[in-house]
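Since the structure comes first, as structure tokens, the remarks are kept for the end.
The values are calculated or read from the model by the stated rules, or taken from the named source; none is laboratory data. Quick caveat: nothing in here was measured; it's all calculated off a predicted structure. Every residue, glycine as well, gets a Cβ built from its backbone with ideal geometry; the counts of neighbours run over all protein chains shown. All accessible areas refer to the heavy atoms of the entire protein, side chains included, with ligands and DNA or RNA removed. Shrake-Rupley method; radii C 1.70, N 1.55, O 1.52, S 1.80 Å.
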Amino acid sequence: MRNYNILTINPGSTSTKIALFKNNELSFEEVLRHPAEELNAYATLLDQYEYRKEKIENFLNEKGIELGGLDSISCRGGLIGPIPSGTYTINEALFERLSTDVIHASNLAGIIGYNMAKELNIPAYITDPVTVDEMAPIAKVTGIPGVERKSKFHALNQKAVARRAAKQLNKRYEDAQLIVVHIGGGISVGAHQQGVIVDVNNAIDGDGPLAPTRAGSVPVESIIDLCFSGEYKSAQEFKEFVAQRAGLTAYLGTSDVRDVQDMMDQGNEEAKMLYEAMAYQICKNVGAMATVLKGKIDGIVITGGVAYSKQFIRLLKERIDFIGDVIVIPGEEEMLALAEGALRVLKGEEEAKTL
């Protein structure tokens, strides 16, 4: 059986994860950290493209990885509009969409991967992008005609860990009732009803809990006042603030929850209050999703980088463990999910979709 070498790329707000797989077996994985002082040198996320691409290529060279031995590059999907779940070939049309209105780091994955793959004459893919949309129509309704709630969340990892949790519960994902909470730079809380994510907060545009880099849900009147205050020069500038520099970052100057915990240990009361407020708001959203599933909950899955913190998990369990069993799967399954998405296409088990 042929072996396929697949490089996976997954940018976050403050890091870029890369991994090399031989088929679905991990060869190595690395998190390339991007300090705030380095990222602050770039006016927009798109401006970070060359910086992040160079970081990836330099690391691979240092590791002695021969790029010519790659069969494909699989990238985390970005904000490209609502599309069905699946694996997509990055063609000119998809590249153009990824490069337009870049307000989330995940868009950079496909931009970097497409250009690297083009140089190597191999295919590049995305799997289950941020804008996978399975939301029930009733979940999209707002109080303003013409304004709908949008599906923008950690689709790739939510799907991957939900399948893993269902297996732990001796259930098929398609039969399980789960609430999945991804806690990273942004936070998404999704209601998984028998294999379909019927409701989830928009983890990017200002919906759901306060997050390390995101504003979360905020009072509309105050936001209107802020938009017309003259503090922000354009709608794009304000969107980037809400999606990249709000939340803990705006209050404390860091998006790293470990830094916040250090501040708390040093007696910083503001850090303690904000840390607890983030947990409090996550719990409120879990409670809301419990009503979506009508109280029939097989488990609550906590995932993402912050799930490594026992201190934070304890705060969550204090408020939500009466709803259902809490299953902690720290980190992400995203890199393996990306490799498997590309592998299915390379092996001819699935046909890649195109825009």
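Considering only 28, 222, 15, and ranking their Cα positions along the charge dipole of the chain that arises from unit charges at the beta-carbon of Lys, Arg, Asp and Glu, the one farthest toward the positive end is 28. Compute the separation of the alpha-carbon centres of segment 112-147 and segment 1-43 and state it in Å as a whole number. Between the Cα centres of segment 112-147 and segment 1-43 lies a distance of 19 Å. Along its principal axes, segment 271-336 has C-alpha extents of 35, 34, 15 angstrom, given from the largest down. For segment 176-295, build the convex hull from the C-alpha positions and give me its volume per residue in Å³. Enclosed volume per residue, from the Cα hull, is 117 Å³. Evaluated with a Cβ-only charge set (Lys, Arg +1; Asp, Glu -1), segment 114-173 carries a dipole of roughly 380 debye about its Cα centre, given to the nearest 20.
Here is the list for segment 43-80: GluC sites (Glu not before Pro) lying in DSSP coil, each with at most 12 other C-beta atoms within 10 angstrom of its C-beta, are 66. On a per residue basis, the chain carries 46 Å² of accessible surface, using protein heavy atoms and a 1.4 Å probe. Among 263, 335, 273, the order of accessible area from largest down is 273, 263, 335, computed with a 1.4 Å probe on protein heavy atoms. Across the alpha-carbon atoms of segment 1-93, the computed radius of gyration and Dmax are 14.7, 47 angstrom.
Projecting the Cα atoms of 194, 252, 129 onto the charge dipole of segment 129-275, computed from C-beta unit charges around the Cα centre, puts 194 farthest toward the positive end. Legend: translational diffusion of segment 32-158 by Stokes-Einstein, Rh = Kirkwood radius over C-alpha pairs, 4 °C, 1.567 mPa s; D = 81 µm²/s. Per-peptide packing, taken as the mean over residues of other Cβ atoms within 10 Å, places 285-294, 122-131 in the sequence 122-131, 285-294 from highest down. For segment 151-308, a simple Cβ point-charge model (Lys and Arg +1, Asp and Glu -1, everything else neutral) yields a dipole of about 920 debye relative to the Cα centre.
Comparing 238, 78, 304 along the charge dipole axis of the chain, the residue lying farthest to the positive side is 304, per the Cβ-charge model.
Accessible-area rank, largest first, for 153, 228: 228, 153, with all protein chains present and a 1.4 angstrom probe. Straight-line cross-link partners of residue 53 among the lysines, defined as a Cα under 19 Å from its Cα and at least 8 positions apart when in the same chain: 17, 63, 118. For the chain, the share of accessible area belonging to carbon and sulfur comes to 49 percent (1.4 Å probe, ligands and nucleic acids excluded). Its Cα gyration tensor gives the chain an equivalent ellipsoid; the semi-axes, largest first and in whole Å, are 30, 25, 21. Overall form of segment 233-299: oblate. Here a/c, set by the Cα gyration tensor axes a ≥ b ≥ c, is 1.5 or more, and a/b is not larger than b/c.
Net charge within 15 Å of residue 240 by Cβ-Cβ distance, Lys/Arg positive one each and Asp/Glu negative one each, not counting residue 240 itself?
Net charge in that neighbourhood comes out at 0.
In a reduced charge model with +1 at each Lys and Arg Cβ and -1 at each Asp and Glu Cβ, segment 120-231 shows a dipole moment near 620 debye about its Cα centre.
Annotation for segment 274-355: GluC sites (Glu not before Pro) lying in DSSP loop with at most 12 further Cβ atoms inside 10 Å of their Cβ are 349, 351.
Evaluated at q = 0.19 Å⁻¹, a Debye calculation over the C-alpha positions of segment 231-355 (equal weights, vacuum) places log10 I(q)/I(0) at -1.09. Restricting attention to the chain, close to 60% of DSSP beta bridges with both partner residues there are antiparallel.
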